[in-house]
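The values are calculated or read from the model by the stated rules, or taken from the named source; none is laboratory data. Remember, predicted model here, so these are calculated numbers, not experimental data. Positions of Cβ are backbone-derived with ideal geometry, glycine not excepted, and every protein chain shown enters the neighbour counts.
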Amino acid sequence: MLELSDINAGYAGFQALFGVSMQVAAGEAVAVIGANGAGKTTLLRVISGLLPPTSGGMALEGRDLLAMPAHSIVAAGIAHVPESRRLFPLLSVEENLRMGAFIASARARFAERREYVYGLFPRLAERKGQLAGTLSGGEQQMCAIARALMSGPKLVLLDEPSMGLAPVVVSQVFDLVRRIRGEGYTVLIVEQNVRQVLKVVDRAYLLEVGRVKAEGAAAELAASDEIRAAYMGL
């Protein structure tokens, strides 16, 4: 479904990604793991069109993503749940969901998509009139994921969904990832919590200082002594 070929990218003279290539097949959940500063968030920003790469190729179902502006990438089927959730705190839960349905095809199906995400996340239905900024951390992450699903995406990008959350809430967030996987969504998740994320994905790429250092089945990487020592504290 998604294919990246030799992607190089950075900011104002600082290169953050060096020749990154990866694939995500339809129906897969794939993680990008690595330490803070490895380039994981930069990678998702490139995929969603927020940061143009300096070179390389990128396609979704054979369509050239580099030829599209960011809003067209959303319409093509990629939804990005950003780091720190980035909800509109002074808007209600339902108003945040409406913002997620801004593309024309989603606006036409707003009521249908709203009922779908409320069915998936009943707690949001209970809080639909509540300001998003007053939700708990776990509820805010739930709202951010639901907002992304409002566009009816083919691929969901999750950027550090467990960041800043209490341990008990972190387990709830990974349950959310399992839930959207169970709905058939293709997921690419960037995460520092290596131990937890490798339990919910099929495959993973290890990113170190902007380069893919290892890739493989989640179970294989979880069993790697090097990864266990460096990223899981084992």
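Observations, loosely collected:
- Filtering region 43-52 to residues that are closer than 13 Å to residue 15 by Cα and at pLDDT below 95 leaves 51, 52.
- Residues of region 191-225 classified as of a type in the set (D, E, K, R), surrounded by fewer than 21 Cβ atoms within 10 Å (Cβ to Cβ) and in contact with a Leu (Cβ under 9 Å, 6 or more places away or on another chain), total: 6
- Pair list, Cβ < 8 Å and 6+ apart or interchain, from region 158-173 residues that are in contact (Cβ under 8 Å) with a residue 60 or more places away in the chain to residues that are in a helix (DSSP H, G or I) and hydroxyl-bearing (Ser, Thr, Tyr): 159/41; 160/41
- In region 184-197 there is no residue matching the filter, namely being farther than 15 Å from residue 84 by Cβ, aromatic (Phe, Trp, Tyr) and not in a loop (DSSP other than H, G, I, E, B).
- When the residues of region 153-190 are filtered to those that are of a type in the set (Val, Ile, Thr) and over 13 Å from residue 201 (Cβ atoms), the one that is modelled with the highest pLDDT is 170.
- Any chance residue 101 is modelled with pLDDT under 90 and surrounded by 14 or more Cβ atoms within 10 Å (Cβ to Cβ): yes
- Residue match in region 168-175 (condition: part of a strand (DSSP E or B) and surrounded by fewer than 23 Cβ atoms within 10 Å (Cβ to Cβ)): no
- Flag for residue 105 being in contact with a strand residue (DSSP E or B) (Cβ under 9 Å, 6 or more places away or on another chain) and either free of Cβ contacts under 8 Å to residues at least 60 places away in the same chain or on the phi > 0 side of the Ramachandran plot (or both): no
- Comparison of 84, 55 shows that the only residue that is surrounded by fewer than 14 Cβ atoms within 10 Å (Cβ to Cβ) and not assigned by TED's automatic domain parsing to the domain that holds residue 222 is 84.
- Summed over region 132-152, the residues that are under 21 Å from residue 108 (Cβ atoms), buried (at least 21 other Cβ atoms within 10 Å of the Cβ) and of a type outside the set (S, T, N, Q) give a count of 5.
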